[in-house]
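Step one of this worksheet: look at the structure below.
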Amino acid sequence: MTDLKKEMESNIKYKYSFKSIFAQSLALAGPCFIQIGIGIEFTCSTIIIGALADDKDKNGLQPLTDEQASWFGSLLFLFTPLGSALSSLTLNRFGHKTCMIITNIPLIVSQIMFFYANNIETLYACSMLMGLSVGYSGGPSSSYVGEVCEPKLRGALMSATNVFFYFGSLLFTLIYAITLEWRLTVLISMSIPIATVVILFMTPQSPMWLLTKGESLKAQRTLGKLRGWPSQETFSSKEFKEMIAYTSSAVYDEEDNETDQKGETNSWGQLLRPEVYRPFRLLIVYIFFANLLSGMQYGPYLVSVFTQFGAPVNVEFTLAFSVFLSTLGGVMTIFLISKLGKRFLTLSTLSICSICYLLIGLIGGYTTNSNPTTSWLILILFLTTTFMSSLGIMPIAWVLLTEIFPMKSRNITCSAGSALGYLIDFFLIKYYLEFSNLVNFYNTFTLFGISGLFGTEIVISASPLMFTLE
């Protein structure tokens, strides 16, 4: 099995035309629009907390207390693992396409509830629904990209889908910066999940999933479309036959080794296998430091963060500009990941973000914001971390999630990895305000920067296992 996997994922270079690349890119339109929706969901709490703090709501909602803001900003991430668990239970049965359609339902409902919200309990409920939506989307969309793309294109195309996450955040922040009405912004953004559902109805199923359901003829036609209809000889003698052999071996292996009392496959048992558990454990550690150094803990409170920096800027447009930098970094990742490699991008961006955090903490802790030069320097350092994290550590985390595990365990590892990553985000966001009040605002940057340097050392030691496909 190991040799077969390596042959499929690393050694074989399928020679398809530009038409093949275009067909695979077109198939990823659905996952890309899902990422736009996730970007909007991640940014909702930032906009709403900031708008309420400035008393910009005309429908009765009052500014949130620190406790209310921390719950509203973090509940999305607490309920994301539940969505991931539901996804892992339904993915093998319904397939990637159907699950990706389902993920838009709670998002649409939450946007409608946001528009009519007049109390904090409704905001909590909306955050929970968005968490279910984000969690449910992680497994189907990530594993779909991993299964429909050629190995040589997977890293670039996965990075391309991540760009749309940043684009969703950019779109949402720009609409708010222009309208200054968060309810209107939410209403306009509801068009995204509706468009996503329409696109997904035209999206092909994963050929690998179709083979596991015994629909070999349909899988053959689908793969042909995804590869731009290569010659029948190339098509039937290489990739498709190996997919049949691989899925047959995987199904046999699962039935032989991972059956429960009812004789059904126990997908969660895959996580206990050494070839899955070891890289999975390291990837979760990687995700922790990636989230920490990309500023996830500051996300819902960015309006307040930019205000505390003290630079004389328009906060709403500064927020939009920070998301633009993230988008730019994500676009550059597509072109740099194949030239510089995932290992180099990870270590360089993680190191730069750690150093910038240390500088922010030291400069801010020993000077005052009354100095415009210092305030601008701190803001520039923070925006540098925003750009660098989107250039390397964040998108590469999702690329690794689709690459470093055996194909037969990829569905469960994508779901479980996404769930644990978001659970880490919940704790970072929920307890950030308390931590900041305890150690001082700028000292959080110092401590996070020191942690990032330790994280860089851990990633260096784990590189041979995590970056095996380079």
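The values are calculated or read from the model by the stated rules, or taken from the named source; none is laboratory data. On a predicted model such as this, the values are computed, not experimentally measured, just so you know. Here Cβ is always computed from backbone atoms with ideal geometry, including for glycine, and neighbour counts include all displayed protein chains. Side chains are part of the model used for accessible areas, which takes the heavy atoms of the whole protein and leaves out ligands, DNA and RNA. Shrake-Rupley method; radii C 1.70, N 1.55, O 1.52, S 1.80 Å.
Would you be able to say whether some residue in region 289-306 is open to solvent by 60 Å² or more (accessible area, probe 1.4 Å), in contact with a helix residue (DSSP H, G or I) (Cβ under 6 Å, 6 or more places away or on another chain) and at pLDDT 90 or above? Scanning region 289-306, I find no residue that is open to solvent by 60 Å² or more (accessible area, probe 1.4 Å), in contact with a helix residue (DSSP H, G or I) (Cβ under 6 Å, 6 or more places away or on another chain) and at pLDDT 90 or above, so the answer is no. Residues that are among the hydroxyl-bearing types (Ser, Thr, Tyr) and either in a loop (DSSP other than H, G, I, E, B) or over 30 Å from the mean Cα position of the chain (by Cα) (or both) were ranked within region 343-379; the one that is nearest to Thr446 (Cα to Cα) is Tyr366. Here Leu350 passes the criteria (1) closer than 22 Å to Ser141 by Cβ; (2) open to solvent by less than 30 Å² (accessible area, probe 1.4 Å) except the one numbered (1).
Criterion first (out of contact with any Cys (no Cβ under 8 Å at 6 or more places or on another chain), in the same structural domain as Gly135 (by the TED database), modelled with pLDDT of 75 or more and not in a helix (DSSP H, G or I)) does Pro31 satisfy it? No, not satisfied. Only one of these conditions is not met by Asn371: (1) touching a residue at least 40 places away in the same chain (Cβ under 8 Å); (2) more than 27 Å from Gly168 (Cβ to Cβ); (3) surrounded by fewer than 16 Cβ atoms within 10 Å (Cβ to Cβ). Which number is it? Going through the list (1) touching a residue at least 40 places away in the same chain (Cβ under 8 Å); (2) more than 27 Å from Gly168 (Cβ to Cβ); (3) surrounded by fewer than 16 Cβ atoms within 10 Å (Cβ to Cβ), Asn371 breaks only (1). Per the conditions (1) open to solvent by 50 Å² or more (accessible area, probe 1.4 Å); (2) under 20 Å from the mean Cα position of the chain (by Cα); (3) over 26 Å from Ile404 (Cα atoms), the sole criterion not satisfied by Ser74 is (1). Determine if region 156-170 includes at least one residue that is over 21 Å from the mean Cα position of the chain (by Cα) and not hydrophobic (A, V, I, L, M, F, W, C). Looking for residues that are over 21 Å from the mean Cα position of the chain (by Cα) and not hydrophobic (A, V, I, L, M, F, W, C), one finds none in region 156-170, hence no.
To keep it simple, each residue is scored yes or no on (1) among the aromatic types (Phe, Trp, Tyr); (2) over 22 Å from Thr161 (Cα atoms).
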{"position": "Arg281", "(1), (2)": "no, yes"}
{"position": "Ile284", "(1), (2)": "no, no"}
{"position": "Phe289", "(1), (2)": "yes, no"}
{"position": "Val303", "(1), (2)": "no, yes"}
{"position": "Thr318", "(1), (2)": "no, yes"}
{"position": "Val323", "(1), (2)": "no, no"}
{"position": "Gly329", "(1), (2)": "no, no"}
{"position": "Ile337", "(1), (2)": "no, no"}
{"position": "Ser351", "(1), (2)": "no, yes"}
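Residues of region 186-219 that are buried (at least 21 other Cβ atoms within 10 Å of the Cβ) and part of a helix (DSSP H, G or I): Val186, Ser189, Ile192, Pro193, Thr196, Leu200, Pro207, Met208, Trp209, Leu210, Leu211, Ala219.
For region 85-103, check the following and say yes or no: at least one residue is under 30 Å from Asp66 (Cβ atoms) and open to solvent by 50 Å² or more (accessible area, probe 1.4 Å). Within region 85-103, not a single residue is under 30 Å from Asp66 (Cβ atoms) and open to solvent by 50 Å² or more (accessible area, probe 1.4 Å). The set of residues from region 310-321 being part of a helix (DSSP H, G or I) and surrounded by fewer than 23 Cβ atoms within 10 Å (Cβ to Cβ) comprises Val315, Glu316, Phe317, Thr318, Ala320, Phe321.
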